[in-house]
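Take a look at the structure below.
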């Protein structure tokens, strides 16, 4: 399983807002792991879905030069259960962004009905006040996130995609 | 018309309640942000963001809270803020009361200097 909790961006306005959707399927293991006899979408993973939507919005605002890490769940309220067959929309708005951090305001919809609010803060971890150093490679924004933005915004070239990868021989 | 101390305090209290999830009664002028109200490092940025919106002002990095003083070897030695570090802090942050910190400038005690009143004093100097 890949750690990706949004299926597609349906709108992306750089430095302003973005909306991503997720279709919830009964085939997903995590629905059954939450409450075995009553499969629902865990709210914790809806927070992650919003974090990915808003985090990409924040990252794109600085051309993905920063490593954007979820630092604070300022507010998280979801008032209705999300069940298999439902479609979730995460709408994130960029409130504030500085060299060190960003804050976002988010609203959650189930089949176009407003069901919650998730406000987050992100840290640009290379700018941390403690002076801790992190690897140079941007390990936050990887290929799977960039692919979500295809056709919506330009993404900077990355070393691993600048040259076509040669298929490995079978059995290796 | 300039805001009064009480008006500023009420707005700061509102900010603390929203940013830190504390009850209104917990927020007094003498409450320390980290010790009494449980603020962590990211909360300091959250507070700055909210104050900027609430008071419609710009708070430059390092103006209200220390910026990168702990990363400067000239300002910190053996876990203590040096004399030059202390002088720099006092100059850049006149709204902070350093009188107790002077006796034991342990860097771990630096966050305790920041009380609700510290923020109120800073904002009064900005909005007056």
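The values are calculated or read from the model by the stated rules, or taken from the named source; none is laboratory data. Since this is a predicted model, take the numbers as computed values, not measurements. All Cβ positions, even for glycine, are placed from backbone atoms using ideal geometry, and neighbour counts span all protein chains on display.
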Checklist entry - In the stretch A:84-125, which residues are at the interface with another protein chain (Cβ under 10 Å from one of its Cβ atoms) and in a loop (DSSP other than H, G, I, E, B)? => result A:98, A:99, A:100
Item to check | Test for residue A:77: is it part of a loop (DSSP other than H, G, I, E, B) and in contact with a strand residue (DSSP E or B) (Cβ under 7 Å, 6 or more places away or on another chain) | outcome: no
Item to check | Subset of the stretch B:59-73 [more than 11 Å from every other protein chain (Cβ to nearest Cβ) and touching a helix residue (DSSP H, G or I) at 6+ places or on another chain (Cβ under 6 Å)] | outcome: B:64
Next on the checklist: When you scan the stretch B:51-58, do you find a residue that is touching a residue at least 24 places away in the same chain (Cβ under 8 Å), within 13 Å of another protein chain (Cβ to nearest Cβ), within 15 Å of the chain's Cα centre (by Cα) and within 27 Å of residue A:120 (Cα to Cα), even just one?
Outcome noted: yes
Checklist entry - Given the structure, is residue A:62 within 30 Å of residue B:66 (Cβ to Cβ), more than 10 Å from chain B (Cβ to nearest Cβ), surrounded by fewer than 22 Cβ atoms within 10 Å (Cβ to Cβ) and more than 15 Å from the chain's Cα centre (by Cα)? => result yes
Item to check | Meets criteria (modelled with pLDDT under 95 and either surrounded by fewer than 14 Cβ atoms within 10 Å (Cβ to Cβ) or away from chain B (no Cβ under 14 Å) (or both)) for residue A:81 | outcome: no
Checklist outcome for this item: Among helices (runs of 4 or more DSSP H) entirely within the stretch B:1-112, at least 2 residues that are closer than 20 Å to residue A:105 by Cα occur in B:5-20, B:41-55
